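None of the figures in this text is laboratory data; all of them are computed from the coordinates on show. No experiment lies behind these values; they were computed from the predicted model shown. Neighbour counts are summed over all protein chains in view; Cβ atoms, including those assigned to glycine, are modelled from backbone coordinates with ideal geometry.
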Protein chains: 2
Amino acid sequence: MIQTPYLLFLGDAPDQLAAKVAQGIKDWRPENAVGQYRMAGCGADLGLKDMELAEAKAAGAKTLVIGVANRGGVISKEWKKVLVAALEEGFDLASGLHNLLRDEPDLVAVAEACGRALHDVRVPEVDYPIANGVKRRGKRLLAVGTDCSVGKMYTTLAMDAEMRRRGMKSTFRATGQTGILITGDGVPLDAVVADFMAGSVEWLTPDNDDDHWDIIEGQGSLFHVSYSGVTMALIHGGQPDALVLCHEPTREHMRGLPGYKLPTLEALRDMALGLARVANPDCRVIGISVNTQHMDEDAAKRYLTELEARMGLPATDPFRFGPGKLVDALAAEFLEPA
Amino acid sequence: MIQTPYLLFLGDAPDQLAAKVAQGIKDWRPENAVGQYRMAGCGADLGLKDMELAEAKAAGAKTLVIGVANRGGVISKEWKKVLVAALEEGFDLASGLHNLLRDEPDLVAVAEACGRALHDVRVPEVDYPIANGVKRRGKRLLAVGTDCSVGKMYTTLAMDAEMRRRGMKSTFRATGQTGILITGDGVPLDAVVADFMAGSVEWLTPDNDDDHWDIIEGQGSLFHVSYSGVTMALIHGGQPDALVLCHEPTREHMRGLPGYKLPTLEALRDMALGLARVANPDCRVIGISVNTQHMDEDAAKRYLTELEARMGLPATDPFRFGPGKLVDALAAEFLEPA
């Protein structure tokens with residue numbers, strides 16, 4: 001668990017895109033974003049107050065989050081100066097970089113001397129159990145995709161935000177590094193050892209109030225041969241009551257797999273439901289989330305209308321048109337009897 | 001390389017299934033199994049001579065192999081006493097447990113003092129790639145089960161032996177600790193990090209002669225919620241041309257999961273084929289392997305006959321009746337055109 005709130009370190013990010021992790025934190029958990037720390041030449045700006053370390057500390061920030069990709073996979077000397085100073089100032093550090101904070105001897109030494117924590121969110125920090133399949137109280141929704149990177153994280157973050165806005169009990173459950181940095185908690189599922197994958201998802205989504213929803217971030221795809229095992233563990237460990245199907249209609253082949261066509265949404269629905277009902281016989285699909293970023297607005301609306309008729313399910317692009325339809329469907333399908 | 005022959009440590013195994021590692025070694029390399037070591041309350045028996053450490057040493061045993069699974073992964077104090085005494089007696093230790101011998105400071109210290117080796121066969125020793133899904137030359141068969149521990153390893157070991165006896169090109173590919181202990185090679189799949197599971201299976205079953213078969217040991221089950229992700233990675237990483245369905249007809253619930261019924265063989269066939277054809281559209285089911293150990297011979301034969309009629313596939317118990325039917329079916333289905 002990463003201590004919040006954060007000071008967001010943008011370093012010398014060349015542009016806004018390089019700071020997309022920090023942007024995600026600011027967009028989805030603005031209460032976690034006390035300020036931003038930018039170095040000379042930084043080309044990103046989140047519109048937060050620029051703060052020195054001492055100022056951010058005084059404002060309550062507890063962790064310096066590296067919210068930017070580093071160039072060439074090296075933590076530079078310039079970054080190091082700031083990171084060391086942050087530890088000395090009393091900040092923990094959190095990072096989703098490939099090269100780990102814990103592999104930097106100087107950072108480890110200073111953190112130890114200052115009694116601060118180094119969080120590498122790519123690496124599991126918990127000894128997860130083996131899944132036991134026991135039915136848990138509370139409700140769970142999982143996003144599954146026809147492919148990787150079709151908007152599963154965005155969909156679940158947007159649904160969770162809308163549900164809380166409506167006064168529903170909801171918790172976004174992060175299963176990847178960006179989601180973990182945004183919320184300060186979660187399971188880095190693609191780095192978990194095979195036998196413990198499903199157990200880590202059970203651990204992430206424990207017993208809860210009967211009317212509470214865990215909104216679980218999906219990973220991979222049942223149809224992506226590189227990562228389908230990770231998706232499988234989410235479906236069986238999460239024992240979802242509800243699935244949202246996620247799709248990007250303009251993609252010509254599976255991400256990183258030329259020669260592999262995307263499945264139809266019908267194929268995804270049937271395969272995911274068949275597998276999900278092993279763990280939860282009452283699981284149902286409640287709607288479809290479409291990433292329409294490569295379509296103009298008219299084409300997007302036409303596509304969604306046709307899709308709703310074809311599949312008999314509500315369909316929306318939560319980024320473009322909001323997640324309301326999906327939350328409406330969830331609330332209607334799982335309405336508590338009066 | 002693990003020194004042979006072995007003394008097989010059964011510990012306090014609650015039942016015969018828990019000792020399947022030792023059973024596999026005894027079945028496939030009986031010349032390596034000098035005797036068995038059982039503790040008070042042990043519910044397993046391989047029919048080997050029970051031996052004290054000194055007796056086994058005198059009989060030539062060089063390595064104490066931990067031939068029993070421990071769910072959840074704890075090496076108990078009672079086990080430790082025996083393992084330490086074995087090192088002092090001059091045995092090496094070999095283990096496929098999740099928790100490593102090398103992580104136990106007392107075992108490491110005693111092994112060092114006595115000049116003995118600790119072999120953890122479960123630990124991956126290769127940096128596996130991420131799966132790329134590229135079609136490989138040669139043919140592959142994979143065993144899939146309605147449950148865990150229904151005879152997938154036995155089936156593939158028996159088929160491989162029979163195929164080689166007939167002069168076919170075949171290699172048994174171990175994906176678990178028992179197979180690795182038996183063959184000295186393989187991928188400890190359940191200990192591989194999630195992102196690299198399918199890639200490790202691709203690595204294990206590389207390009208080969210067009211008429212060569214990799215006979216891949218299965219793991220888990222698509223219907224076992226604790227381990228289904230591992231099975232999924234085998235189906236997509238192995239891109240099998242042929243599947244064998246494995247089943248144990250008398251089991252009342254999924255292993256370790258009270259309340260979870262076993263799927264039908266039809267459900268397994270449909271689910272496994274649907275997923276396998278993502279990676280290999282030509283994949284087909286060639287037969288059924290039934291573990292009939294809890295049925296008398298007449299009942300077993302009747303069951304197999306009825307199953308063949310019901311499924312339209314050859315069915316056998318390779319332990320009781322030999323794997324010939326399955327190899328016949330494989331040879332007939334994949335006959336090279338004259």
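Among B:V327, A:V134, what is the fewest-to-most ranking by other Cβ atoms within 10 Å?
By the 10 Å Cβ count, ascending, the order reads A:V134, B:V327.
Name the residue, out of B:A143, B:A300, B:A40, whose mean-square fluctuation peaks in a Gaussian network model built on chain B with Cα pairs under 10 Å.
Looking only at B:A143, B:A300, B:A40, the biggest GNM fluctuation is shown by B:A40.
Explain nothing, just compute: Karplus ³J(HN,Hα) = 6.51 cos²θ - 1.76 cosθ + 1.60, θ = phi - 60°, for every residue of the range B:270-280 in order, whole Hz, x for Gly and Pro.
Each residue of the range B:270-280 in turn: 5, 5, 5, 5, x, 6, 5, 6, 4, 8, 8 Hz.
To the nearest 10 degrees, how steeply does helix B:105-114 sit against the main Cα axis of chain B, on a 0 to 90 scale?
That works out to roughly 70 degrees.
In which sequence would A:M163, B:M159, B:M1 go, from the one with the fewest C-beta neighbours within 10 Å to the one with the most?
With the fewest neighbours first, A:M163, B:M159, B:M1 line up as B:M1, A:M163, B:M159.
Sort B:F172, A:F223 so that the residue with the fewest other Cβ atoms within 10 Å of its own Cβ comes first and the one with the most comes last.
If I rank by nearby Cβ atoms, fewest first, I get B:F172, A:F223.
Karplus couplings for the range B:208-220 from phi (6.51 cos²θ - 1.76 cosθ + 1.60, θ = phi - 60°), rounded to Hz, Gly and Pro as x?
8, 4, 4, 9, 8, 10, 8, 9, 8, 5, x, 9, x
Considering only B:T146, B:I215, A:G73, whose Cα is most displaced toward the positive end of the charge dipole of the protein assembly as shown, charges sitting on Cβ of Lys, Arg (+1) and Asp, Glu (-1)?
B:T146
Going by alpha carbons, how many degrees (0 to 90, nearest 10) lie between the helix axis of B:77-89 and the longest principal axis of chain B?
Roughly 70 degrees between the two axes.
Using each residue's phi in the range A:51-56, evaluate 6.51 cos²θ - 1.76 cosθ + 1.60 at θ = phi - 60° and report the 3J(HN,Hα) Karplus result to the nearest Hz, with x for Gly and Pro.
10, 6, 4, 4, 5, 5
Pairs A:K49/A:K80; B:K301/B:K325; A:K261/B:K135: which exceed 20 Å Cα-Cα?
A:K49/A:K80
Provide an ascending nm list, one decimal, of label-point separations from B:V193 to the equivalent residue in each further copy; define each label point as 7 Å from Cα along Cα→Cβ.
Sorted ascending, the copy-to-copy spacings read 1.3 nm.
Starting from the exponent 0.38 and prefactor 2.2 Å, build the expected Rg for the range A:67-212 from its residue count and divide its actual Cα Rg by it.
It is 1.22.
Quick check: the angle from helix B:228-238's long axis to the longest principal axis of chain B, C-alpha only, nearest 10 degrees?
So the inclination is approximately 60 degrees.
Please list, ordered by chain and number, the residues whose modelled amide H lies under 5 Å from the amide H of A:G287; skip anything fewer than 5 residues away on the same chain.
A:L245
What residues qualify as long-range amide H neighbours of A:R173, i.e. H under 5 Å apart, gap of 5 or more or another chain, H built at 1.01 Å from N?
The list, which skips near neighbours in sequence, is A:I215, A:I216, A:E217.
With an 8 Å Cα cut-off and a minimum separation of 6 or more residues, compute the relative contact order for the range B:157-269 in percent.
22 percent
Sticking with the crude label model, points 7 Å out along Cα→Cβ, report the distance from A:R165 to A:V123 in nm, one decimal please.
In this crude label model, A:R165 to A:V123 measures out at 3.9 nm.
How far is B:P124 from itself in the other copies, in nm, if each label sits 7 Å out from Cα along the Cα-Cβ line, shortest first?
Relative to the other copies, B:P124 has label-point distances of 1.2 nm.
Hey, what did chain B get for relative contact order, percent, Cα under 8 Å, at least 6 apart?
15 percent
Where the label is 7 Å out from Cα toward Cβ, how close does A:G274 come to the same position in every other copy, in nm, shortest first?
0.3
If amide hydrogens are placed 1.01 Å from N in the peptide plane, which non-local residues have theirs closer than 5 Å to the one on B:S221?
So B:S221 has HN proximity to B:Y227, B:S228, B:T231.
How large is the charge dipole for the protein assembly as shown, taken about the Cα centre, if only the Cβ atoms of Lys, Arg (+1) and Asp, Glu (-1) carry charge, to the nearest 20 debye?
Using Cβ point charges on Lys, Arg, Asp and Glu, the protein assembly as shown gives about 560 debye.
For the range A:279-325, calculate the relative contact order in percent as a whole number, restricting contacts to Cα pairs under 8 Å that are 6 or more residues apart.
40 percent
Percent of Cα-Cα pairs more than 49 Å apart in the protein assembly as shown, please.
19 percent
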